[in-house]
Amino acid sequence: MTSLIAVSDRPAVGRRAGHPTRAVLRNETRLILRDPVGLLWGLVVPLIAFVAISRISALRHPEAGLGGASYLATYQPIIIVFSLTILAINGLPPILGSYRERGVLRRLQATPMPPARLLFVLLTIHLVGAAAVAAVILAVGTIGSGLALPHQLAGWILAYLLTAVAMLGLGVLIAALSPSGKIANGVGGILTFPLLFTAGLWLPLAAMPHALATVSDYSPLGAGVRAMTAAAGGHFPPLSALGTLLAYAVVFCALAVRFFRWE
C-alpha cells in the first residue's frame, strides 16, 4: 500500500521516478506478484484444462456437428477467452475493490494521478498475463496436438486484442463501481457463467439454435470466439464481430473512467 501511494507522488520527485505511468506499472506489478493467487488462477487453470483435453485423441477428429472442426480446435479459442474472463472479471475487480475498501484510493485522490492512469496500468498488467497464456495455448495446440496456427494470424491477433480490451474494460468498470473487494468479486462471479455460456463453453457456437447463436454473436465473448474461429480457418474476422467487440471495449472503458470513484 505504501509503495503505491509513494508512486503516485513520483511527479514531485521527477528525475528519480521516471515516467509516472511506468513507475505505477512497476509498483502495481510488484504488489500483484506479492499475492498472485488471483492471477495464477486465471493463468494456470485454463492452461491445465487445455493440456488435459489435448491429450484425448477422440477430441482431435473432425465432427460434422461442428462444421468439420474437431472438439479440440473448437475449444481452443473458448479456453483462451475462459482465461481472459477469469483474469478480467474475477481477478482484476477485487484488487481495486480492496484498494477502495482499505482507503488506498482515498489517499491517491490527493495526488496528481488521474483515475485513467491507474485503470490503464491494471488493464495492461492483466492483458500481458492473458496474452502470454493465449500464446502458450496456441503453442501447445500446434506442437503437442497437431493444430495449425491461425491461418489469418493478423486477423486472429486483432480479434484477440479487441476481445481482451472489451473484457478487461468490463473488469475495470466493475472495479470502478464496486465499493469493496467482496462486492466486486460477487458481481464478477455472477457475470462469469452467462458470459462463458455465450462463448460456447457448455454448448459450442456451431451447435447452438439460431436464436441463441444470434444472442451469442452480439455478446463480447461470443463475438470474440466467432472472430478468432474465423481467423483460425483462414478468413478475416467478420466485421460485425469486430465492430461488436470495439463497441464493448470503448463503452466499458469510457464508463469505467466516467464513474470511477476514489471512495
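The values are calculated or read from the model by the stated rules, or taken from the named source; none is laboratory data. Because the structure is a prediction, the values reported are computed rather than measured. So basically every Cβ, Gly included, is an ideal-geometry build from the backbone, and we count neighbours across all protein chains shown. With ligands, DNA and RNA removed, areas are computed over all heavy atoms of the protein, side chains included. Shrake-Rupley method; radii C 1.70, N 1.55, O 1.52, S 1.80 Å.
Could you say whether any residue in the range 85-92 is farther than 30 Å from Ile56 by Cα, polar (S, T, N, Q) and either touching a Gly at 6+ places or on another chain (Cβ under 7 Å) or surrounded by fewer than 24 Cβ atoms within 10 Å (Cβ to Cβ) (or both)? No, the range 85-92 contains no residue that is farther than 30 Å from Ile56 by Cα, polar (S, T, N, Q) and either touching a Gly at 6+ places or on another chain (Cβ under 7 Å) or surrounded by fewer than 24 Cβ atoms within 10 Å (Cβ to Cβ) (or both). Across the range 81-135, what is the number of residues that are in contact with a Ser or Thr (Cβ under 7 Å, 6 or more places away or on another chain) and not in a helix (DSSP H, G or I)? Qualifying residue count for the region: 2.
Would a scan of the range 86-106 turn up a residue that is under 26 Å from Pro220 (Cα atoms), over 22 Å from the mean Cα position of the chain (by Cα) and not hydroxyl-bearing (Ser, Thr, Tyr)? So far as the range 86-106 goes, no, none of its residues is under 26 Å from Pro220 (Cα atoms), over 22 Å from the mean Cα position of the chain (by Cα) and not hydroxyl-bearing (Ser, Thr, Tyr). Can you confirm whether the range 123-141 contains a residue that is farther than 17 Å from Leu43 by Cα and among the aliphatic types (A, V, I, L, M)? Taking every residue of the range 123-141 in turn, none turns out to be farther than 17 Å from Leu43 by Cα and among the aliphatic types (A, V, I, L, M). Checked against (1) open to solvent by less than 40 Å² (accessible area, probe 1.4 Å); (2) under 22 Å from Phe82 (Cβ atoms); (3) in a helix (DSSP H, G or I); (4) in contact (Cβ under 8 Å) with a residue 24 or more places away in the chain, Leu191 passes all but condition (1). For the range 26-79, filtered to residues that are closer than 22 Å to Gly181 by Cα and assigned to a loop (DSSP other than H, G, I, E, B), the residue that is most open to solvent (accessible area, probe 1.4 Å) is Asp35. Scan the range 168-176 and tell me whether some residue there is open to solvent by less than 40 Å² (accessible area, probe 1.4 Å) and touching a Lys or Arg at 6+ places or on another chain (Cβ under 8 Å). The answer is yes; a qualifying residue exists.
Go through the range 100-112 and give me each residue that's open to solvent by 10 Å² or more (accessible area, probe 1.4 Å) and touching a residue at least 24 places away in the same chain (Cβ under 8 Å).
Arg100, Glu101, Arg102, Arg106, Arg107, Gln109, Thr111, Pro112
Just give me the residues in the range 194-218 being farther than 17 Å from Ser83 by Cβ, small (Gly, Ala, Ser) and touching a helix residue (DSSP H, G or I) at 6+ places or on another chain (Cβ under 7 Å), in sequence order. Within the range 194-218, Ala206, Ala207, Ala213, Ser216 meet the criteria. In the set (1) within 30 Å of Gly97 (Cα to Cα); (2) assigned to a helix (DSSP H, G or I); (3) of a type in the set (A, V, I, L, M, F, W, C), Trp262 fails one condition alone, (2). Note on the range 227-255: residues that are under 20 Å from Gly67 (Cα atoms), open to solvent by less than 60 Å² (accessible area, probe 1.4 Å), of a type outside the set (Gly, Ala, Ser) and in a helix (DSSP H, G or I) total 1. Scanning the range 129-167 for residues that are hydrophobic (A, V, I, L, M, F, W, C) and crowded, with 18+ Cβ neighbours inside 10 Å yields a count of 14.
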